[in-house]
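The structure under discussion appears below in the form of structure tokens.
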Amino acid sequence: MNQYLHKYLSLNKKLSIPDIGNFVIESSGARLDSINGLLYAPTQVIQFTQDHATADKYFFDFLANELGVEDVVAIGIFHDYVYKIKSIINTPQGFLMKGIGTLKKEDNGHIIFTPEKSQLELMPRVQLDSIYPMPHKDGQIDNDKHKDLTSQKEEDISALLGQESEAATADNWWIYAIILFLIGVGAIMFHYV
């Protein structure tokens, strides 16, 4: 059952388990530590909230399809699984949902969720000085240290730091004209087809 729950959570970014709570995948983009010259990979974190949760019809349709059974049978299997969670969650080790995390219930009834490490968290951070030279605070790059720096690399660094290059600020009116043209053609085709 764990693999189906993990798959559903990965595909839909949310999962509700009745009498337990809601799981949501939150994404954070890549981070740049310009002080230390490090670039961190984007990550996805599973958040858990213990509140009233109800499984939706889409989940049961998904589960029935994955198990290859009727909806009623899938609902029964899922309710047995939830009962298993509720009985094991009170133990000291808690209940491990592979691919998602561990649930433990405290004496006061509060459920503690410890997410499993995401494979994205295992991605190494990148030292930018070894790939691209880091600009100074004024945005200038020390070309004496990196004489082989091409204009493409300079534009990549500026884009990473959120600075616009001269090429990016050029007048690109024709891009907007093409987009508007395609939208107009799409509207005409939608109307007549």
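The values are calculated or read from the model by the stated rules, or taken from the named source; none is laboratory data. Bear in mind that the values here come from a model prediction, so they are computed numbers and not experimental data. Every residue, glycine among them, receives a Cβ derived from its backbone with ideal geometry; neighbour counts consider all protein chains shown.
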Open item on the list: Take the residues in the stretch 1-50 that are at pLDDT 80 or above and part of a loop (DSSP other than H, G, I, E, B); name whichever of them is farthest from the chain's Cα centre (by Cα).
Closed with: D19
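Regarding I85, is this residue in the same structural domain as S16 (by TED's automatic domain parsing), at pLDDT below 85 and surrounded by 13 or more Cβ atoms within 10 Å (Cβ to Cβ)?
Numbers: in the same structural domain as S16 (by TED's automatic domain parsing): yes; at pLDDT below 85: no; surrounded by 13 or more Cβ atoms within 10 Å (Cβ to Cβ): yes.
Judged against the criteria, I85 is not a match.
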- [ ] Any residue in the stretch 35-46 that's crowded, with 16+ Cβ neighbours inside 10 Å: show its pairings with residues that are assigned to a strand (DSSP E or B) and of a type in the set (D, E) at Cβ separation under 9 Å, as long as the two are six or more apart or on different chains.
- [x] L39/D33; Y40/D33; I46/E26
Open item on the list: Condition first: surrounded by 15 or more Cβ atoms within 10 Å (Cβ to Cβ) and part of a strand (DSSP E or B). Now tell me which residues in the stretch 97-119 satisfy that.
Closed with: M97, G101, T102, L103, K104, K105, I111, F113, P115
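Of the residues A64, A53, which single one is surrounded by 12 or more Cβ atoms within 10 Å (Cβ to Cβ) and assigned to a loop (DSSP other than H, G, I, E, B)?
On the way: A64 fails: assigned to a loop (DSSP other than H, G, I, E, B).
Only one candidate qualifies: A53.
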